[in-house]
Amino acid sequence: MLTLSISVLAVLVSLGSLFLAYASDRRSEMPVLQFMWESGQGTSGEPKWWLVNVGAGPATNVVVAQSLRTGLGRGLDHETWFNPVLVPSIPAGGRLALAWLGGTQGLDCGLGASCTDVHRFFYTTKCGDDVSMFHVGLHLPRWPLLKLHGEKAVKTWWGVEDLSGPEWSHAAAGCVRRRWWLPRRFGLSRRLGGWADPVLSYRPQAVVSGAPQ
């Protein structure tokens, strides 16, 4: 009996060590994106919004979007997001100018950014009223990054000069079918291309007279 107890304890210790090593490895490669406003005062540059990676790993598959308002919480709740833009990867400690947002600090909208780490796990940052919240998992709409059904929902950053034209790709909770078995702390998806990735169920939200329905 004592031998069996020691064996079970050894197995539990080994499993615990593996879990801690895995968690430590994940944290060492986790990107954390934050929105930053730079007024341009004292520099030669113009005022603009920046997306900064303050995490330990590179942020890949980065999508920046807007919302009329955001509760900053997990999931989409009653949020509608639009104007998704795919931007280049941002290395740890790096930053990217969001030139298409213009030089106005008060955008009168919420901002969101989703990204993946080197293992394709999702992370999300939401920003509204100068408050930012970081979440593990995808808590923005799951727009297809490539063409789906002949259409491309996400514009690339070099093709967007400003926001003077019509809005595009409005999306809310009903635009994809969330997997019922996925823990809610992960939002719509945990991993790009994983079992819970709902991208193939994406359907654009209908817009009538410039207003999403």
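The values are calculated or read from the model by the stated rules, or taken from the named source; none is laboratory data. Everything numeric in this text was worked out from a predicted model, so none of it was measured. Please note: Cβ atoms are built from the backbone with ideal geometry, for glycine as well, and neighbour counts cover all protein chains shown. When the accessible area is computed, the model is the full protein with side chains, heavy atoms only, and any ligands, DNA or RNA have been set aside. Shrake-Rupley method; radii C 1.70, N 1.55, O 1.52, S 1.80 Å.
Results, tabulated for the structure shown:
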item: Tally, over the stretch 197-208, of residues that are open to solvent by less than 20 Å² (accessible area, probe 1.4 Å) and under 16 Å from the mean Cα position of the chain (by Cα); result: 2
item: Of residues in the stretch 137-184 being assigned to a strand (DSSP E or B) and open to solvent by less than 50 Å² (accessible area, probe 1.4 Å), the one farthest from Leu98 (Cα to Cα); result: Leu148
item: Hits in the stretch 113-149 (condition: in contact with a Cys (Cβ under 7 Å, 6 or more places away or on another chain) and within 23 Å of Gln205 (Cα to Cα)); result: Pro141
item: Output for the stretch 88-110, where each listed residue is among the aliphatic types (A, V, I, L, M), open to solvent by 10 Å² or more (accessible area, probe 1.4 Å) and over 16 Å from Glu38 (Cα atoms); result: Ala92
item: Unique residue being open to solvent by less than 40 Å² (accessible area, probe 1.4 Å), of a type in the set (A, V, I, L, M, F, W, C) and at pLDDT below 95 when the list is Leu72, Leu68; result: Leu72
item: Residue count, the stretch 159-213 (criterion: at pLDDT below 85 and among the hydroxyl-bearing types (Ser, Thr, Tyr)); result: 2
item: The one condition in (1) in contact (Cβ under 8 Å) with a residue 60 or more places away in the chain; (2) open to solvent by 60 Å² or more (accessible area, probe 1.4 Å) that Phe122 fails to fulfil; result: (2)
item: Boolean, Gly128 is on the phi > 0 side of the Ramachandran plot and open to solvent by less than 20 Å² (accessible area, probe 1.4 Å); result: no
item: Residues of the stretch 185-201 that turn out to be out of contact with any Ser or Thr (no Cβ under 6 Å at 6 or more places or on another chain), in a loop (DSSP other than H, G, I, E, B) and closer than 16 Å to Leu76 by Cα, as a count; result: 3
item: Selected residue (criterion: most open to solvent (accessible area, probe 1.4 Å)) from residues of the stretch 75-85 that are touching a Pro at 6+ places or on another chain (Cβ under 8 Å) and either under 12 Å from Cys109 (Cα atoms) or in a loop (DSSP other than H, G, I, E, B) (or both); result: Thr80
